[in-house]
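Beneath this line is the structure, given in structure tokens, with notes to follow.
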Amino acid sequence: MRVSAVAAMGALVAVAASACGGSDGAKAEGTTPRATASAAKPKPAPPKAAEPIVLAFGGDTHFEGQLRSRLGNPSTALGPVASTLRGADLAMVNLETAITTGGTPAPGKEFTFRAPPSALTALRRAGVDVASMANNHGMDYMQEGLRDSLAAIKRSGFPIVGIGRDADQAYRAYRTTVKGNRIAIVGATQVLDDNLATAWTATGAQGGLASAKDVPRMVQAVKDARKGSDLVIVHLHWGQELKSCPLPRQQELAKALVAAGADIIVGGHAHVPLGGGYLNGKYVHYGMGNFVFSSAHGQTAKSGVLLLRVEGRKVTKSKWKPAEIVGGLPIPMKGAAAAAEVERWNGLRECAGLSARP
């Protein structure tokens, strides 16, 4: 990305941060005169026009290892990257853990992740507005862990997609309005261990995760989200670990979901960043990499925040704000190191088959 575009996006984020504290104004004081038969009915106020917004996306997040103690102070649990998340109009991450202190670890899994309900408080205080739990760790503690997770989500009121008491809830979009933009967000996973896929996939009679392996169901979920929305975002867990280019099945799914009405598709799983760009005029990012992740090191410590400026249904600007994970936390990069990492990230677009511009 050229320096001018990066500077423009930085200004956009600053403007978004200052705008978040605004209000709609107070009601006028005094009494209202009694209406008479001849009084004209007041005209309803016209709907506010949608404003441009800035979205922020971070990658795989959990609170294992040295990160667990940070939940003792949820306000600072995510470290300095929180200022970037708070500066956006809407921020989202992949919550790669069950929310439980009980349950039984999934059989045959080398790594199982869980965190207490304070993890949701930490995300909220860091500026995260919504997360997906549709991933290969969202049910690491099986059905008991799922029940605990759903109960914690309900108590907290924190928006989570891709998981539910049944398929209808798991595939259902989270809906919100930001600066006049009606946004719908769907979450699903294309990565499920073969021996766990049946037990973890949400159905009409079973709680679990939204599976992106069921392409017709995913297409329908996007079509449902499209109704009554200005902007449809799909968050996917997909790809192959440590592979920085998307798999054919990722590219096929992206095309199907764009055709169904998705405007933005983002995701992760590979633990390294993948490329982002435009597919048939819509924005696709194949992998955020790790974000808040205790075991990140070497190439898996390459991280960042994806910032998108959106006007209506169009992503008009994008920026990769690189970070290096140290002690499990993404530390924003600066200067020449940041510029070099942005250049490397831009190079990942080529094997993804995406365009730099709409």
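A few points about this structure:
- Residue in the stretch 121-142 that is part of a strand (DSSP E or B) and β-branched (Val, Ile, Thr) present: yes
- Test: GLN240 is assigned to a loop (DSSP other than H, G, I, E, B) and under 20 Å from the mean Cα position of the chain (by Cα): yes
- Condition met for ALA323 (more than 21 Å from GLY239 (Cα to Cα), at pLDDT 95 or above, of a type in the set (Gly, Ala, Ser) and more than 22 Å from the chain's Cα centre (by Cα)): no
- The listed residues are ALA152, ALA56, and the only one of them that is part of a strand (DSSP E or B) and buried (at least 17 other Cβ atoms within 10 Å of the Cβ) turns out to be ALA56.
- The set of residues in the stretch 319-337 being charged (D, E, K, R) and in a strand (DSSP E or B) consists of LYS319, LYS321, GLU324.
- Exclusive hit being under 13 Å from ALA134 (Cβ atoms) and of a type outside the set (A, V, I, L, M), set LYS223, LYS227, LYS213: LYS213
- Single match in SER229, SER244 (criterion: in contact (Cβ under 8 Å) with a residue 24 or more places away in the chain, among the small types (Gly, Ala, Ser) and under 29 Å from ARG114 (Cα atoms)): SER244
- Residue within the stretch 286-303 that is among the β-branched types (Val, Ile, Thr), closer than 24 Å to ARG344 by Cα and surrounded by 24 or more Cβ atoms within 10 Å (Cβ to Cβ) present: yes
- Search result, residues across the stretch 247-268 that are of a type in the set (Asp, Glu) and free of Cβ contacts under 8 Å to residues at least 12 places away in the same chain: GLU252
- Residue check: VAL232 meets all listed conditions (1) touching an Asp or Glu at 6+ places or on another chain (Cβ under 6 Å); (2) under 27 Å from PRO322 (Cβ atoms) but one, namely (2).
- Any chance GLY353 is at pLDDT 95 or above, over 21 Å from the mean Cα position of the chain (by Cα) and of a type outside the set (A, V, I, L, M, F, W, C): yes
- When the stretch 93-120 is filtered for residues that are of a type in the set (S, T, N, Q) and not in a loop (DSSP other than H, G, I, E, B), the ones remaining, listed by number, are ASN94, SER118.
- Per-region count, the stretch 187-221, residues under 18 Å from PHE111 (Cα atoms), part of a helix (DSSP H, G or I) and either out of contact with any strand residue (DSSP E or B) (no Cβ under 8 Å at 6 or more places or on another chain) or among the aliphatic types (A, V, I, L, M) (or both): 2
- Close pairs (6 angstrom Cβ cut-off, 6 or more residues apart or separate chains): more than 20 Å from HIS269 (Cβ to Cβ) in the stretch 136-157, part of a helix (DSSP H, G or I) and modelled with pLDDT of 95 or more anywhere: SER156/LEU120
- Here the condition is being farther than 23 Å from ASP168 by Cβ and either among the aromatic types (Phe, Trp, Tyr) or buried (at least 24 other Cβ atoms within 10 Å of the Cβ) (or both); of ALA225, ALA262, ALA221, ALA254, it holds for ALA254 alone.
- Qualifying residue in the stretch 163-172 (condition: surrounded by 18 or more Cβ atoms within 10 Å (Cβ to Cβ) and part of a loop (DSSP other than H, G, I, E, B)): yes
The values are calculated or read from the model by the stated rules, or taken from the named source; none is laboratory data. Please read all numbers here as calculations on a predicted model, not as lab measurements. Neighbour counts run over all protein chains shown; Cβ positions are idealised from the backbone, glycine included.
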